[in-house]
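What follows is a single structure, written as structure tokens, with notes after it.
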Amino acid sequence: MVTIEIDGKQYEAQEGRTILEVARSNQIHIPTLCFHPALKPSGSCKLCAVEVIGKTGKAVTMLSCILKVKDGMQIKTTGPLVTRARRNAFRRLIAMAPQSKRLRQMAAEENIDLGAPADGCIRCRLCIRVCKEIVGAGALKMARRDGQSLVVPVAGRCLGCGTCATLCPTHVIKITDVDGTRTISIRDEVIGRQPLKKCEGCGKWYATASFADLIEQRTAEHPHLKEHHAYCPTCAKLFSDRLEVIKKQATKQQMILR
């Protein structure tokens, strides 16, 4: 048996054991991701760094999962050196797994700030501007949440037109049409959910009733040169092309009769 010191307290440990094993057996917290008791330690995640007094008497950080105990060893599991080493480890890991909720939770528990989580949004504000300036709905805005600037929905404003998703350069805004209902969302947050209109020609769900009503209101003062219909763009073009062919055929027929 050897005697070591961890955070100012002395503990007895069997030779050959690691600092991490001794710490865990004495309920001393050291974060780690890559360690498993059934496998040989690899030191891959580097989160288990601790402060050790080296041979020169200078404090250094070492990985507790592979550091074997020695008699008289002095260990610190907290402090500026440890925090710096773990911050660097967390930042390296989050760069490889930016969507990892577990990494961010662990970092928060260690009081380490990893900055704003990656969500696919580059804050270009194209979605906000087009919704306000062109569509006129104003269904999106910038807001501060947990110290971050995010694009968030304004409740009850979305018309379900999908213009924001079409313009989004990183495609973080999604459109999902299921069972006659359109849902538009950013990240895991719903911007709007609207019922869809069905095309009288092909039966395809093609636009939301709310957006169709907006178009009707905006064009109310203009003379309607075409008959009202409920066709999707494809069918509308198809029927329009057919009508042009019929008109041309009728004109030719009239000329022949003359």
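The values are calculated or read from the model by the stated rules, or taken from the named source; none is laboratory data. No experiment lies behind these values; they were computed from the predicted model shown. With ideal geometry, Cβ positions are generated from the backbone for all residues, glycine too; neighbour counts draw on all protein chains shown.
Identification of strands (runs of 3 or more DSSP E) wholly contained in the range 47-87 with 3 or more residues that are without any contact (Cβ under 8 Å) to a residue 40 or more places away in the chain, aliphatic (A, V, I, L, M) and under 25 Å from GLU15 (Cβ atoms) yields 49-53, 59-63. The conditions of being in a loop (DSSP other than H, G, I, E, B), in contact (Cβ under 8 Å) with a residue 12 or more places away in the chain and closer than 24 Å to ASN111 by Cα are met by GLY43.
If a residue has to be surrounded by fewer than 15 Cβ atoms within 10 Å (Cβ to Cβ) and in a loop (DSSP other than H, G, I, E, B) to count, how many in the range 19-33 make the cut?
3
Of all residues in the range 161-186, exactly one satisfies the criterion of being more than 16 Å from ARG129 (Cβ to Cβ), in a loop (DSSP other than H, G, I, E, B) and in contact with a Leu (Cβ under 8 Å, 6 or more places away or on another chain), namely GLY180. Pairs meeting the criteria (first residue in the range 7-18 and closer than 18 Å to THR78 by Cα and not assigned by TED's automatic domain parsing to the domain that holds ALA49, second residue exposed (fewer than 10 other Cβ atoms within 10 Å of the Cβ) and not charged (D, E, K, R), beta carbons under 9 Å, at least 6 apart or on different chains) are lacking.
CYS131 meets the stated requirement of being touching a strand residue (DSSP E or B) at 6+ places or on another chain (Cβ under 6 Å), without any contact (Cβ under 8 Å) to a residue 40 or more places away in the chain and among the hydrophobic types (A, V, I, L, M, F, W, C). With SER149, SER210 as the choices, which residue is over 18 Å from VAL130 (Cα atoms) and either part of a helix (DSSP H, G or I) or among the small types (Gly, Ala, Ser) (or both)? The unique qualifying residue is SER149.
For GLY16, the conditions (1) more than 22 Å from ASN111 (Cα to Cα); (2) surrounded by 12 or more Cβ atoms within 10 Å (Cβ to Cβ) are fulfilled apart from (2). Criterion applied to THR170, THR163 was being loosely packed, with under 13 Cβ neighbours inside 10 Å, over 30 Å from GLU51 (Cβ atoms) and β-branched (Val, Ile, Thr), and the one residue passing it is THR170. Scanning the range 72-96 for residues that are in contact with a helix residue (DSSP H, G or I) (Cβ under 6 Å, 6 or more places away or on another chain) and either outside the structural domain of MET62 (by TED's automatic domain parsing) or over 17 Å from HIS29 (Cα atoms) (or both) yields LEU93, ILE94.
Of all residues in the range 1-45, those that are hydroxyl-bearing (Ser, Thr, Tyr) and within 21 Å of PHE90 (Cα to Cα) total 3. When restricted to residues that are buried (at least 18 other Cβ atoms within 10 Å of the Cβ) and either more than 23 Å from VAL154 (Cβ to Cβ) or modelled with pLDDT of 80 or more (or both), the range 198-209 contains 3.
Search the range 88-131 for residues being among the basic types (Lys, Arg) and part of a helix (DSSP H, G or I), and hand back the single one that is nearest to THR163 (Cα to Cα). The extreme case among them is ARG129.
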